[in-house]
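One structure is given below, encoded as structure tokens.
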Amino acid sequence: MAEVKVELPQGAYSIHISSGGINSVGRLIRDLGIQEKALVVSDEIVGALYGEAVIKSLQNSRFEVELICVPPGEKSKDMAVVMEIYNKAVGMGLDRRSPVIALGGGVVGDLAGFVAATYMRGVPFIQIPTTLLAMVDSSVGGKVGVNHPLGKNLIGAFYQPRLVLADLAVLDTLPARELHAGLAEIIKYGIINDTALFTYLQKNCAQLRNKDEDALTEVISRSCHIKAWVVEQDEKENHLRMILNLGHTIGHAVEGNTGYSRYRHGEAIAVGMYAVVLLSQYLGLCTVQTVEAVRELLNVFELPLTAKDCQPDQLMSFLKRDKKNIGGAINWVLVRKLGEVVITRDVPTELIQRVLCEIT
Ligand SMILES: NC(=O)c1ccc[n+]([C@@H]2O[C@H](COP(=O)([O-])OP(=O)(O)OC[C@H]3O[C@@H](n4cnc5c(N)ncnc54)[C@H](O)[C@@H]3O)[C@@H](O)[C@H]2O)c1
Ligand SMILES: [Zn+2]
């Protein structure tokens, strides 16, 4: 088992990485001094696979527990679904001490986290991420929220979990495409801060594709360490946290331009990362060898480099509307070399256009 600690002014929490951990979730939550009733939020796919194990573990630790399953997919990150969960919480008499437990991928984590942040002005929140992406990214860092018809993640909060429990055994049922999408975020951590992680990914691609637990533990814990380190210094994304957005500016444009349905989040981020290394090379910041290394690693995990179904001018208009823009300028995270990035607003529009043409 590996454990990563996240230390924030409002309290510390642990990320547990192990195989079979969901069977101990009841005891782990009770060890935090949390008791009473518990509400588990999941989606219909994950709830059918793992809901029973989680309920059993909670009941064994004397929790009174209920499970609510929402339809799988991005559409559930919606205020109407939030209201259904509030209704369930009120109906079962959940009070301020009662934990809300997210069992699922990033959709469920963001949704249940938003409920936990707002129900009775905040109740204990536990994350049991079941996708690789959620294990290394969305379950750590405290961003929770839902979508507005006019934009993704427009309604949300910063709300930290009390515990994150990543159980590698649940990845057995995760489709390969989802696994690869999660690996895109792990590649991102390698590029922004950890050359050894990047090299590890290059050398252990077969093990990772086969879901080897030692290899997964290594890359998940390294990724969580980096995310924890960044969030500890800049929880609310004033500056440093922006480095986690590597590939996300163009990635979000690709997702938006294709209605959030064609690409998995990690796939869109892969396109975005390839685009920014190209941009970095054109700006003379990094070498062509760096571009090649990123391209090869994305290829190994069958991640896309281009989004042929997008138009450069449409992507450009999405870029201009990105909610990460401050004062109308895009904050670009560019690559100097593997393991080192820079944040700048100073990128000529012609170069952005050139890159957008190359990836479409
Ligand atoms: N809060 C953050 O910091 C943050 C960061 C990154 C992404 N996100 C959000 O995360 C969401 C994407 O998350 P995701 O990629 O995990 O997608 P997801 O939650 O939609 O899960 C993907 C699919 O895999 C299924 N699934 C999940 N675990 C499974 C398992 N163990 N076995 C079989 N099937 C399983 C789900 O039912 C779903 O159909 C987006 O909404 C994105 O905005 C949030
Ligand atoms: Zn992401």
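If a residue must be more than 6 Å from ligand 1 (Cβ to nearest atom) and small (Gly, Ala, Ser), how many such residues does the stretch 104-151 contain?
Going through the stretch 104-151 one residue at a time, the tally reaches 10.
Scan 223, 139 and give me the residue that is in contact with a helix residue (DSSP H, G or I) (Cβ under 8 Å, 6 or more places away or on another chain), of a type in the set (Ser, Thr, Tyr) and either over 27 Å from residue 253 (Cα atoms) or assigned by TED's automatic domain parsing to the domain that holds residue 297 (or both). So that I can check it myself, show each step before the final result.
Values: 139 fails: either over 27 Å from residue 253 (Cα atoms) or assigned by TED's automatic domain parsing to the domain that holds residue 297 (or both).
Selected residue: 223, the only one of 223, 139 that is in contact with a helix residue (DSSP H, G or I) (Cβ under 8 Å, 6 or more places away or on another chain), of a type in the set (Ser, Thr, Tyr) and either over 27 Å from residue 253 (Cα atoms) or assigned by TED's automatic domain parsing to the domain that holds residue 297 (or both).
For (1) at pLDDT 95 or above; (2) of a type in the set (Gly, Ala, Ser); (3) closer than 21 Å to residue 186 by Cα; (4) outside any helix (DSSP H, G or I), each residue gets a yes or a no:
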site: 270; (1), (2), (3), (4): yes, yes, yes, no
site: 280; (1), (2), (3), (4): yes, yes, yes, no
site: 285; (1), (2), (3), (4): yes, no, no, yes
site: 302; (1), (2), (3), (4): yes, no, yes, yes
site: 307; (1), (2), (3), (4): yes, yes, yes, yes
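Looking at (1) modelled with pLDDT of 95 or more; (2) under 15 Å from residue 280 (Cβ atoms); (3) outside any helix (DSSP H, G or I), find the lone condition where residue 360 falls short.
Residue 360 satisfies every listed condition except (2).
Would you check which residues across the stretch 117-138 are assigned to a loop (DSSP other than H, G, I, E, B) and over 10 Å from the mean Cα position of the chain (by Cα) and list them?
The first filter runs over the stretch 117-138 and keeps only residues assigned to a loop (DSSP other than H, G, I, E, B), leaving 122-124, 130-131.
The answer is 122, 123, 124, 130.
Based on this model, can you work out whether residue 141 counts as modelled with pLDDT of 95 or more and not hydrophobic (A, V, I, L, M, F, W, C)?
No, not satisfied.
Mind counting the residues in the stretch 253-267 that are near ligand 1 (Cβ under 10 Å from one of its atoms) and over 13 Å from the mean Cα position of the chain (by Cα)?
Final tally of qualifying residues: 2.
Quick one: how many residues across the stretch 94-109 are exposed (fewer than 14 other Cβ atoms within 10 Å of the Cβ) and either at pLDDT 95 or above or touching a helix residue (DSSP H, G or I) at 6+ places or on another chain (Cβ under 8 Å) (or both)?
2
Under 9 Å by Cβ, and 6 or more places apart or on different chains, what pairs join a residue from the stretch 127-142 that is on the phi > 0 side of the Ramachandran plot with one that is within 10 Å of ligand 2 (Cβ to nearest atom)?
Matching pairs, first to second residue: 141/244.
Being closer than 19 Å to residue 315 by Cβ and among the polar types (S, T, N, Q) is the filter here, so list the residues in the stretch 338-357 that pass it.
Residues satisfying the conditions are 349, 353.
Within the stretch 1-55, how many residues turn out to be of a type in the set (Gly, Ala, Ser), more than 20 Å from the chain's Cα centre (by Cα), farther than 18 Å from residue 174 by Cα and modelled with pLDDT of 95 or more?
Matching residues across the stretch 1-55 total 3.
Where the second residue is in a helix (DSSP H, G or I) and basic (Lys, Arg) and the first is in contact (Cβ under 8 Å) with a residue 60 or more places away in the chain and lies in the stretch 271-298, which pairs have Cβ atoms under 6 Å and are six or more apart or on separate chains?
Short answer, once both residue conditions are applied: none.
Could you list, in sequence order, all residues of the stretch 201-218 that are within 21 Å of the chain's Cα centre (by Cα) and not acidic (Asp, Glu)?
201, 205, 208, 209, 211, 215, 216, 217
Mind checking which residues of the stretch 219-239 are under 17 Å from the mean Cα position of the chain (by Cα) and away from ligand 1 (no atom under 14 Å from the Cβ)?
219, 221, 222, 225, 229, 232 - these are the residues of the stretch 219-239 that are under 17 Å from the mean Cα position of the chain (by Cα) and away from ligand 1 (no atom under 14 Å from the Cβ).
Out of the stretch 167-188, which residues are away from ligand 1 (no atom under 11 Å from the Cβ) and closer than 18 Å to residue 109 by Cβ?
Residue satisfying the conditions is 186 alone.
What number of residues within the stretch 143-162 satisfy the criterion of being among the polar types (S, T, N, Q) and over 15 Å from residue 78 (Cα atoms)?
Total meeting the criteria: 1.
Counting only residues that are in contact with an Asp or Glu (Cβ under 7 Å, 6 or more places away or on another chain) and either within 21 Å of residue 176 (Cβ to Cβ) or within 12 Å of ligand 2 (Cβ to nearest atom) (or both), how many does the stretch 266-292 have? Even if it seems obvious, please write down each step before you answer.
First pass over the stretch 266-292, keeping only residues in contact with an Asp or Glu (Cβ under 7 Å, 6 or more places away or on another chain): 266, 268-269, 278.
Filter once more, keeping what is either within 21 Å of residue 176 (Cβ to Cβ) or within 12 Å of ligand 2 (Cβ to nearest atom) (or both): 266, 268-269.
Total meeting the criteria: 3.
What's the number of the only condition in (1) within 21 Å of residue 22 (Cα to Cα); (2) more than 17 Å from the chain's Cα centre (by Cα) that residue 196 fails to meet?
Condition not satisfied by residue 196: (1).
If you check 29, 15, which single one turns out to be surrounded by 20 or more Cβ atoms within 10 Å (Cβ to Cβ), more than 15 Å from ligand 1 (Cβ to nearest atom) and either touching a residue at least 24 places away in the same chain (Cβ under 8 Å) or in a loop (DSSP other than H, G, I, E, B) (or both)?
Of the residues listed, the single one that is surrounded by 20 or more Cβ atoms within 10 Å (Cβ to Cβ), more than 15 Å from ligand 1 (Cβ to nearest atom) and either touching a residue at least 24 places away in the same chain (Cβ under 8 Å) or in a loop (DSSP other than H, G, I, E, B) (or both) is 29.
The values are calculated or read from the model by the stated rules, or taken from the named source; none is laboratory data. Quick caveat, the model's predicted, so the values are computed rather than measured. Neighbour counts run over all protein chains shown; Cβ positions are idealised from the backbone, glycine included.
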